[in-house]
1. Between ASN410, ASN295, ASN274, where does the largest GNM mean-square fluctuation fall for the chain, given springs only between Cα atoms within less than 10 Å?
2. Non-local amide H neighbours of ALA331 (under 5 Å, H modeled in plane, Pro and chain starts lacking H): which ones?
3. May I ask you to list the trypsin sites (Lys or Arg not before Pro) in region 353-391 that are in a DSSP loop and have at most 16 other Cβ atoms within 10 Å of their Cβ?
4. Three principal axis extents, largest first, for the C-alpha atoms of region 276-394, in Å?
5. Given an 8 Å cut-off on Cα distances and at least 6 residues of separation, report the relative contact order of region 210-285 as a percent.
6. Lys/Arg Cβ at +1, Asp/Glu Cβ at -1, dipole of region 342-395 taken about the Cα centre: which of PHE365, LEU348, GLY379 is farthest positive-ward?
7. Using Cα pairs under 8 angstrom and six or more residues apart, how large is the relative contact order of the chain, in percent?
8. Using modelled backbone amide H atoms (1.01 Å from N, in-plane), which distant-in-sequence or interchain residues come within less than 5 Å of LEU56's amide H?
Amino acid sequence: MSARSLRRTRMTVACALVVAAATGLTACSGLTPGGQAKAAPDAAVSTKLPAGKVTLTVVSSENAGTTKALAKAFEAAHPQVKVDFQYTGPEDYDKSLNLKLSSDSAPDLALLNKLGTTVKAGLLRNLDPYVEAYGWKELYPSTQLDQWRADDNGHEIGVGHQWAAPAGFSVVGVYYNKTLAAKLGIKVPTNRDAFEKALVKAKAAGQLPVQLGNLQGHSSFILQSVIDSSGGLGYTSSWVHGKPGSSLLSAGGQDGARTLASWAKAAYFPAGANGNDLPASVTEFTKGKGLFLFNGSWDAQVIEKAMPHEAGFFPFTGYDGKATGIGTSVAYAIPAKAQHPDVAAAFLNFMNSAEAAKIQFDTGFLPVAHADTVKAPAGHVMNDVAKSWKAVNDNNGLVNFFANSTPTMNDTLTSGSQQLIAGKTTPEAFLGALQDDWAKGHK
């Protein structure tokens, strides 16, 4: 996900997450094909670490410091293990990863930007035995693990085998201006009806209901939030993951597209939203222009710094009040040729510990588990983000970005949403274009 970079946060990491961190949108193309390696057969695994000294090699394009900090904590808990962390910039990392995985000196852990060719080429170890041995199905919400499950061709996501495990997440929700909300007598909406009423009330008071920069298609955050909550999580996850027969041409899809069009027609967005980017909309929001802003947790620190203790955050909820969230993770896989797979799996398992949760949170990510144990300073918006993340996981409500469904979906979302907001296309035509792109991408 290095997107068309207006602004890259320090979280230049897994392809899907960098999309979130940089623009929240651009989908990744497949990794550059390299040599092929026959996948290691399922073998007996152990959760016990060797007594002798071991060097665990980890390759990554994550530069937020999260993996390094996790490695130090893991080393402290297991003094016989040394973690050799090797960083490569995102673009070069993507180009060379398959060759690294297929070499006789393959690493023990590798950050994945996408499944796809790494799975199809047999470059990764099937983690199902470790899922069983460590009880990960009981520790993780299924939606967290499903993003890194795929069939043997790496084509359909959310089915088949586990190929990677998450190490830290980002999530999209709704920021709100506390001062403006209090002035208008608006409380945090707990369902869709309450949210719609808040928009009407803000507009009637002469305030901008929703801040938006759609130059790169970030209205997709609004579109998907509505569809996720209206159409159902299983429905939207199936579409993003490429399940055969999935379609946005449904009641949920229509609700999302028609809502986006109606909010634009009602002038709930700023004039010229199609000409502003996400960073510009964040800046405008921190200046008091807009009651709500659909955006990701990666901008929480920026928003808090610009308007200390004045911003809140909540997950978008449907008519039933259940929380949903768009998001994805940094994730690590064990190569088929890894020399120390059991040690690598132990490191992956450490990533869902309470100690790891604090490290992940302190370095800018949302924790894999134990979200109820992490805290920021009193009044900091990250406390609301952490509560929202817990609510999403309690509802098993995480869905990957629509833009990650095909390599070209970001462009289709961007151009189509701009036309929809400008009144130059219909909700039905917009949905049709999205579905056509999806069908071509999943032939």
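1. Result for the chain, Cα springs under 10 Å: ASN274 fluctuates most.
2. ALA14, LEU112, ALA167
3. Values: sites: LYS358, LYS375, LYS387, LYS390; in loops: LYS375.
Hits after loop and neighbour filter: LYS375.
4. Principal-axis extents of region 276-394 (Cα, largest first): 54, 32, 28 Å.
5. Relative contact order of region 210-285: 55 percent.
6. Final value for the positive-end residue is GLY379.
7. It comes to 24 percent, rounded to a whole number.
8. Counting only residues 5 or more places away or on other chains, the set is LYS82, VAL83, ASP84.
Bear in mind these aren't lab numbers, they're just calculated from the coordinates by the rules spelled out. Worth saying up front: this structure is predicted, and the values here are computed from it rather than measured. Glycine gets a Cβ as well: all are built from the backbone with ideal geometry, and neighbour counts include every protein chain shown.
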